[in-house]
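Trainee: What follows is a structure written as structure tokens; I'll ask about it next.
Read the figures in this text as sums done on the coordinates, not as results from a lab. Remember, it's a predicted structure, so these values are computed and weren't measured experimentally. Glycine gets a Cβ as well: all are built from the backbone with ideal geometry, and neighbour counts include every protein chain shown.
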Amino acid sequence: MKHIKTVNKPNLQESVKKGGCGECQASCQSACKTSCTVGNQVCEK
Amino acid sequence: MSEKIHKFIQNGMYILLDVNSGAVHVIDKMIYDIMDTFDGTNDDDVVLSLRDKYDEAELREALSELHELIKIKELFAPDIDVPPTFSDIGIVKSLCLMVAHDCNLRCKYCFADTGDFGGGRELMSAEVGERAIDYLIEHMGHRIHSEVDFFGGEPLMNMPVVRRITEHVRKREKETGKVFKLTLTTNGLMLNEENRKFFNDNNISLVLSLDGRKETHDRMRPDAGWHGTYDRVLPNFQKMVASRDGKNYYLRGTYTKYNLDFTDDVLSMADAGFDILSIEPVVAKDMPYAIGESDLPRIYEEYDRLVEAYLARHREGKGFFFFHFNMDLSNGPCVAKRLAGCGAGHEYMAVAANGDLYPCHQFVGRERYRLGSVFEGVTDDKWPEYFRHSHVLNKEKCRDCWARFFCSGGCHANADLFHDDIREPYEVGCAIQKKRLECALMVQAVLAMEKEQS
């Protein structure tokens with residue numbers, strides 16, 4: 001494409017159907033721990 | 001109406017995020033302008049509105065590219081509802097053990113009131129700690145992985161109990177087949193050869209608290225005699241990190257209104273030899289160092305500066321890992337996890353020194369949120385259910401926000417602090433979060449494109 005460069009292969013829609021295994025790390029969202037906003041995480045599967 | 005796209009300019013780069021697919025598109029100025037009008041069906045309106053600015057053939061070509069994205073569901077992807085994979089009831093997956101309600105520092109911004117959580121100074125007993133581990137195993141169901149954080153106060157003030165609990169964890173792992181990841185957060189004052197060896201031998205991850213430059217750190221993190229601590233903790237941290245080959249740690253700091261030029265603090269950490277870094281905005285109300293709405297423009301500028309510095313160091317071969325810019329755009333968490341968020345109150349709980357359970361470490365001492373104890377279990381069922389369902393699709397201000405699947409609704413404890421309601425997000429926190437996300441998306445886009453070119 002000339003005007004658009006997609007930089008990832010998104011998985012959000014697909015993950016609606018699967019996922020939820022819960023093996024991923026907990027993610028504190030406050031400032032007192034390293035606030036792992038969920039978006040910064042990786043799926044552990 | 002929920003936002004399906006978010007477009008923004010970060011450090012000169014035009015970016016379009018498709019919210020419901022997670023697709024990140026680097027675009028040109030023409031597409032950026034088109035997206036003011038384009039809804040997927042109105043090409044002629046777009047051409048009409050922009051033909052004075054752009055060539056019509058070029059506009060049609062750009063529109064055809066957008067239609068291609070729609071076809072593959074990477075633009076205007078359908079809204080996401082609560083999926084069946086998000087179970088109604090959470091399963092406890094991690095605990096934060098407040099092993100010491102006491103601290104040898106007097107950090108001015110401490111949420112725990114310098115360590116005692118507004119109550120008496122108290123240390124957790126080994127009995128409480130071991131019972132907490134058993135409680136976790138009894139309530140983690142089929143899950144294999146679990147995390148336990150040693151937290152405080154300052155956990156090094158109760159090292160004998162940290163050792164006992166660690167032994168218990170390793171014993172129970174063998175008995176149950178579960179795998180525990182242990183983390184300890186420390187201010188570094190009592191880090192010595194003996195506990196360095198213990199942490200390395202037992203594979204305990206460390207979160208090390210340093211606020212950056214000496215003047216920044218000493219201003220906010222004095223000891224109990226109000227003396228600066230930077231010169232004492234820095235060598236301890238350097239030795240600690242060197243002893244584990246620079247791995248398995250985080251150096252994290254807090255910035256306040258006093259150091260809104262916090263890029264210099266991050267660079268100071270990097271220059272001191274650390275390369276796994278994080279710095280977070282202070283959360284405080286009515287204090288001179290608190291961050292308010294009027295500080296936001298300055299903070300936004302500073303994140304732009306941090307992005308520049310981050311990329312410059314990366315290109316010089318002196319890159320560092322900055323937590324908030326780290327994001328896996330292709331293999332991020334599933335929707336169920338994005339709804340569960342931090343899990344406070346349903347997947348994650350804090351254990352106070354006396355064994356009482358709270359939704360998270362920040363809620364310790366906020367009595368109305370007491371859930372029960374590791375001995376009697378959860379006795380107040382309403383909170384776990386309420387926390388479980390306080391996700392972005394159930395919160396008015398989050399439901400429509402473009403950042404909903406990245407931030408997962410922000411920190412419940414902060415929402416409670418500012419609004420007495422965990423479903424009412426803390427606005428300044430949201431604003432900073434969104435800026436950090438824009439920076440992260442841009443940084444990841446740059447890194448992906450550089451990788452492709454090389």
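Trainee: For B:E56, are the conditions met, namely being touching a residue at least 24 places away in the same chain (Cβ under 8 Å), farther than 22 Å from B:V307 by Cβ and surrounded by fewer than 17 Cβ atoms within 10 Å (Cβ to Cβ)? Walk me through it before giving the result.
Mentor: Details: touching a residue at least 24 places away in the same chain (Cβ under 8 Å): no; farther than 22 Å from B:V307 by Cβ: yes; surrounded by fewer than 17 Cβ atoms within 10 Å (Cβ to Cβ): yes.
Spelling it out, it is not the case that B:E56 is touching a residue at least 24 places away in the same chain (Cβ under 8 Å), farther than 22 Å from B:V307 by Cβ and surrounded by fewer than 17 Cβ atoms within 10 Å (Cβ to Cβ).
Trainee: Report those helices (runs of 4 or more DSSP H) wholly inside the range B:325-412 carrying at least 3 residues which are more than 10 Å from chain A (Cβ to nearest Cβ) and either among the polar types (S, T, N, Q) or out of contact with any Gly (no Cβ under 7 Å at 6 or more places or on another chain) (or both).
Mentor: Details: elements: B:335-340, B:382-388, B:396-399, B:404-407.
Fully inside the range B:325-412 and qualifying: B:382-388, B:396-399.
Trainee: Now for a separate question. Find the residue count for the range B:71-92, including only residues that are within 7 Å of chain A (Cβ to nearest Cβ) and within 13 Å of B:A23 (Cβ to Cβ).
Mentor: Summing the residues that are within 7 Å of chain A (Cβ to nearest Cβ) and within 13 Å of B:A23 (Cβ to Cβ) in the range B:71-92 gives 3.
Trainee: Considering the range B:280-294 alone, what residues qualify as being out of contact with any Pro (no Cβ under 6 Å at 6 or more places or on another chain) and either within 15 Å of B:R436 (Cα to Cα) or not in a helix (DSSP H, G or I) (or both)?
Mentor: At the first step, the residues of the range B:280-294 found to be out of contact with any Pro (no Cβ under 6 Å at 6 or more places or on another chain) are B:280-290, B:292-294.
Correct list: B:E280, B:P281, B:V282, B:V283, B:A284, B:K285, B:D286, B:M287, B:P288, B:Y289, B:A290, B:G292.
Trainee: Among the listed residues B:E138, B:E154, which satisfies the condition of being crowded, with 21+ Cβ neighbours inside 10 Å and of a type in the set (D, E)? Break it down into steps so the answer makes sense when it comes.
Mentor: Values: B:E138 fails: crowded, with 21+ Cβ neighbours inside 10 Å.
The match here is B:E154.
Trainee: Would you say B:E138 is in a helix (DSSP H, G or I) and acidic (D, E)?
Mentor: Numbers: in a helix (DSSP H, G or I): yes; acidic (D, E): yes.
For B:E138, the condition - in a helix (DSSP H, G or I) and acidic (D, E) - is met.
Trainee: Which fully enclosed helices (runs of 4 or more DSSP H) of the range B:181-245 have 2 or more residues being within 14 Å of chain A (Cβ to nearest Cβ) and basic (K, R)? Before you say what the answer is, go through the steps one by one.
Mentor: Working: elements: B:193-201, B:214-220, B:230-242.
Ranges flagged: none.
Trainee: Tally up the residues in the range B:59-82 that are crowded, with 18+ Cβ neighbours inside 10 Å and not charged (D, E, K, R), please.
Mentor: 9
Trainee: Can you tell me which residue is surrounded by the most Cβ atoms within 10 Å (Cβ to Cβ) among those in the range B:341-382 that are charged (D, E, K, R), closer than 21 Å to B:D113 by Cα and touching a strand residue (DSSP E or B) at 6+ places or on another chain (Cβ under 9 Å)? So that I can check it myself, show each step before the final result.
Mentor: Restricting attention to the range B:341-382, the residues satisfying the condition of being charged (D, E, K, R) are B:347, B:356, B:366-368, B:370, B:376, B:380-382.
Next cut, closer than 21 Å to B:D113 by Cα only: B:356, B:366-368, B:370.
If we keep only those that are touching a strand residue (DSSP E or B) at 6+ places or on another chain (Cβ under 9 Å) too, we end up with B:356, B:366, B:370.
Values: B:D356: 20, B:R366: 15, B:R370: 18.
Of everything passing the filter in the range B:341-382, B:D356 is surrounded by the most Cβ atoms within 10 Å (Cβ to Cβ).
Trainee: Sticking with this one: Please verify whether the range B:423-436 includes one or more residues that are part of a loop (DSSP other than H, G, I, E, B), surrounded by fewer than 20 Cβ atoms within 10 Å (Cβ to Cβ) and more than 9 Å from chain A (Cβ to nearest Cβ). Can you show your working first?
Mentor: Step one: of the range B:423-436, the residues part of a loop (DSSP other than H, G, I, E, B) are B:423-426.
Applying the additional criterion that residues be surrounded by fewer than 20 Cβ atoms within 10 Å (Cβ to Cβ) yields B:423-424.
With the extra rule that they be more than 9 Å from chain A (Cβ to nearest Cβ), the set shrinks to B:423-424.
Taking every residue of the range B:423-436 in turn, at least one turns out to be part of a loop (DSSP other than H, G, I, E, B), surrounded by fewer than 20 Cβ atoms within 10 Å (Cβ to Cβ) and more than 9 Å from chain A (Cβ to nearest Cβ).
Trainee: Further question on the same structure: Look at the range B:236-256 and say how many of its residues are among the small types (G, A, S) and out of contact with any Phe, Trp or Tyr (no Cβ under 9 Å at 6 or more places or on another chain).
Mentor: Looking only at the range B:236-256, we keep the residues that are among the small types (G, A, S), and these are B:242-243, B:246, B:253.
Okay, now just the ones that are also out of contact with any Phe, Trp or Tyr (no Cβ under 9 Å at 6 or more places or on another chain), so B:242.
Qualifying residue count for the region: 1.
Trainee: So how many residues does the range B:249-261 have that are free of Cβ contacts under 8 Å to residues at least 60 places away in the same chain and within 13 Å of another protein chain (Cβ to nearest Cβ)? Outline the logic, then answer.
Mentor: Step one: list which residues in the range B:249-261 are free of Cβ contacts under 8 Å to residues at least 60 places away in the same chain, which gives B:249, B:251, B:253, B:255, B:257-261.
Those still in the list that are within 13 Å of another protein chain (Cβ to nearest Cβ) too: B:249, B:251, B:253, B:255.
Qualifying residue count for the region: 4.
Trainee: Within the range B:120-132, which residues are among the basic types (K, R) and in a helix (DSSP H, G or I)? Spell out how you get there, then give the answer.
Mentor: Going residue by residue through the range B:120-132, those that are among the basic types (K, R) are B:121, B:131.
Result: B:R131, single match.
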